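Notes follow once the structure below has been shown.
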Amino acid sequence: MAGKSSKKQAQSNLLVLRNLYVATIPVVLLASTRQWISKRDIVNYIRFILLHLPLLGCIYVLDSSGRPKYDSKNKLIREGLDLSQSGGLTEYMFDVIYLSLFGDLGHILFNTKKFWYALILVPVYAIWKIYGLMPSLPTAKAKDGDDQHQKPGQSKRQAKLAKRQDKVQVKYR
């Protein structure tokens, strides 16, 4: 019974990684074959490799952080990060992988690299998320306002109590 959740997570991670490789390896091999058949100049090969760097980088990070580690007796040492979690960087890495596979499928089926423009969505989405976090970040103006309200020699607790006393309180019957 001990360590059942870590064994379950290790099995889940192995299944996610196996499905990831089953989906990516054939598509990338077909795309590279299509690249080799269609155009044989060095510029297109370099472009093809550069477009696959985000895919390879995400797969490497997911594999190195999510693959469970076993000792020589096949005992689980480390189960790895949870690859089936929703939200967080792992989900974004899977999105980059799926967008890269979308570009490969467009290249395979239509012999065009215009489907790779979908990867532009990744930095656009990151900028949009960062912009959404801006109002919650503390600014220098907010800190200055708190310092002016707080009298010198008052602790934070005393400043909170003074602020609470300034509010109008309504008594209900």
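Structure notes:
- Placing a pseudo-label 7 Å from each Cα along the Cα-to-Cβ vector at Ile25 and Glu91 gives an inter-label distance of 2.9 nm.
- Of Ala126, Ala162, Pro54, farthest towards positive along the dipole that unit charges on Lys, Arg, Asp, Glu beta carbons give the chain: Ala162
- Relative to the current alpha-carbon distance between Ile127 and Ser72, full extension at 0.36 nm per residue lengthens the span by 15.3 nm.
- Highest-MSF residue in the chain out of Leu29, Leu133, Leu62 [GNM, Cα springs under 10 Å]: Leu133
- Once the C-beta distance of Ser155 and Met134 is scaled by a Förster radius of 25 Å, the resulting FRET efficiency is 0.25 to the nearest 0.05.
- Rounded FRET efficiency, nearest 0.05, which uses the C-beta distance separating Phe102 from Arg34 and R0 of 22 Å: 0.90
- Linear extension gain, Gln165 paired with Val43, 0.36 nm per residue minus alpha-carbon span: 36.8 nm
- Cα lying deepest toward the dipole's positive end in the chain, options Asn111, Ser5, Ile25, charges on Cβ: Ser5
- Percent RCO, i.e. relative contact order, over the chain, from Cα pairs under 8 Å lying at least 6 residues apart: 21 percent
- Within the stretch 24-173: Cβ-based charge dipole about Cα centre, in debye rounded to nearest 20 (Lys, Arg +1; Asp, Glu -1): 840 debye
- Mean ellipticity per residue at 222 nm, deg cm²/dmol - from DSSP H runs of n ≥ 4 across the chain, formula -39500 (n - 2.57): -23000 deg cm²/dmol
- Virtual spin-label span in nm between Leu56 and Lys7, 7 Å along Cα→Cβ: 3.8 nm
- The lysine pair tally for the stretch 4-136, using Cα distances under 20 Å and a gap of 8 or more places or different chains, is 11.
Only the coordinates and a few stated rules stand behind these numbers; no lab work does. Quick caveat, the model's predicted, so the values are computed rather than measured. Glycine gets a Cβ as well: all are built from the backbone with ideal geometry, and neighbour counts include every protein chain shown.
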